[in-house]
Structure formats: C-alpha cells, structure tokens
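J.: I have a structure I would like to understand better, so I am pasting it below and will then ask my questions one at a time.
No lab work stands behind these numbers, since they all come straight from the coordinates. What you see is a predicted model; the values in this text were computed from it and never measured. Here the Cβ positions follow ideal geometry from the backbone for every residue, glycine too, while neighbour counts run over all protein chains shown.
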Amino acid sequence: MDENLHVLGEDLITTAARMVRWVPKENGFGISLAAARLLARLHDNGPTRISDLALAERCSQPTITNHVKRLEAARLVERAADPRDARAWMIKLTKKGFQQLDLMRASIGTTLEPYLATMSKRDIKALRDGVEAMRRLMTVEMEKQAS
C-alpha cells in the first residue's frame, strides 16, 4: 500500500472524529453522539434491522438495542416487524426523528458558521472540495456493499 494513502486514510478519520467532538455541545438536544449517528444512519439508509445497525456501528447488538430503546422513548424512532422475517424488527425514523436530525444539523451549521467566516475564500473552497471528495469516497464503499 502507498504509505501516503495510508497516512491520508488515518488523517481523514481522525480529523473527522475530532471535528465531531469539537462541535460545541450547548445545543441542548440531550442525545448522545452515538444516538445522533444512529439517527443519521437511519436517515441515510432507511429502515434497518438492529443486527445490521450493530454491524454498521461496530458495536454489540445489546448496545444498539439500548440506544434504540432510548430513541423510542423519545419518539425519535419506531419498530416495525421485518417483512422478510417476522422475528426481527426494522428500526425507522419517526417524523419527530427526522425533525430532530434536521434541527441538530442546522444547529451544527449555525455553530460552525462564525468559525468558517474567519477562513479565507481559498480555504472555504478547499473545504467544499474536500467534502465533495469525501462523499465520492463514501460512494465507493456503498457500491462495494451493494455488490
């Protein structure tokens, strides 16, 4: 493997994780970062089985079940029987869950806006280009999983 690509991969993941942790927490949404990731994953992928959420989030099924229970109690997600296997549950966002996720994302944008405003036009363009490149990179993984 090209060493520079290895280092770039490490830098992408560690920097993205630091950015997420850096976002100020005074938005008052009251859910954990892991729960917010679950809402985002359900938004992006649609209804998903608990076992598939656990696999995607790289954690145990009981951990995901606990998160789902808390999100259900907050009425952000709901369970429905899996049409392919009635023994399994599909987890999906509720209307309130979609709204909460939209509010969280808007809050993050609002929070970061003053910081971004201090950056040069060149850096802003580089960030936009980087976001687009990251989206293309994620598309490669999604296509790989689909095949």
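J.: Taking the Cα centre of the chain as origin, work out the dipole magnitude from +1 charges on Lys and Arg Cβ and -1 charges on Asp and Glu Cβ, in debye rounded to 20. Mind dumping the intermediate values first?
T.: Values: 24 positive and 19 negative charges, 123 e Å.
For the chain, the charge dipole is close to 580 debye.
J.: Show me the GluC sites (Glu not before Pro) within the stretch 1-108 that DSSP assigns to loop and that have at most 15 other Cβ atoms within 10 Å of their Cβ.
T.: Values: sites: Glu3, Glu10, Glu26, Glu57, Glu72, Glu78; in loops: Glu26.
When the GluC sites (Glu not before Pro) of the stretch 1-108 are filtered for loop state and at most 15 Cβ neighbours within 10 Å, Glu26 remain.
J.: A further question follows. Which order do peptides 106-112, 11-17 fall in by mean Cβ count within 10 Å, highest first?
T.: On the way: 106-112: 13.1, 11-17: 11.1.
Highest mean packing first, the order is 106-112, 11-17.
J.: Same structure, new question: Which entries of Lys95/Lys144; Lys69/Lys92; Lys69/Lys144 have Cα-Cα distances beyond 19 Å here?
T.: Lys95/Lys144; Lys69/Lys144
J.: Could I ask something else about it? Give me Asp123, Asp2 ranked fewest to most by other Cβ atoms within 10 Å of their Cβ, as a rough exposure proxy.
T.: On the way: Asp123 11, Asp2 7.
Taking fewest neighbouring Cβ atoms as first place, the list is Asp2, Asp123.
J.: Estimate the FRET efficiency between Asp11 and Arg87 by the formula 1/(1 + (r/R0)^6), using the beta-carbon distance for r and 41 Å for R0, to the nearest 0.05.
T.: For Asp11 and Arg87, the calculated efficiency is 0.45.
J.: Give the residue from Ser32, Gly130, Met19 lying farthest towards the positive end of the charge dipole for the chain; charges sit on Cβ (+1 for Lys and Arg, -1 for Asp and Glu) and the dipole is referred to the Cα centre.
T.: Value: Ser32.
J.: Binning at 10 angstrom from zero up to the longest distance, how are the C-alpha pair distances of the stretch 30-116 distributed in percent?
T.: Binned Cα distances yield the sequence 17, 50, 24, 8, 1.
J.: From the phi angles alone, apply the Karplus equation (6.51, -1.76, 1.60; θ = phi - 60°) to the stretch 39-53 and give each ³J(HN,Hα) in whole Hz, x where the residue is Gly or Pro.
T.: These are the phi-based 3J(HN,Hα) values: 4, 5, 5, 5, 4, 6, 9, x, x, 9, 6, 4, 4, 6, 5 Hz.
J.: Can I ask one more? Work out the length of the dipole vector of the stretch 73-147 about its Cα centre, built from +1 on the beta-carbon of each Lys and Arg and -1 on the beta-carbon of each Asp and Glu, and round it to the nearest 20 debye. Numbers along the way, then the final one.
T.: Details: 15 positive and 10 negative charges, 29 e Å.
Using Cβ point charges on Lys, Arg, Asp and Glu, the stretch 73-147 gives about 140 debye.
J.: Let me ask you something else. Quick one: putting +1 on the C-beta of Lys and Arg, -1 on the C-beta of Asp and Glu, what dipole do you get for the stretch 30-116 around its Cα centre, in Debye to the nearest 20? Can you show the working numbers first?
T.: Numbers: 14 positive and 9 negative charges, 48 e Å.
For this selection, approximately 240 debye.
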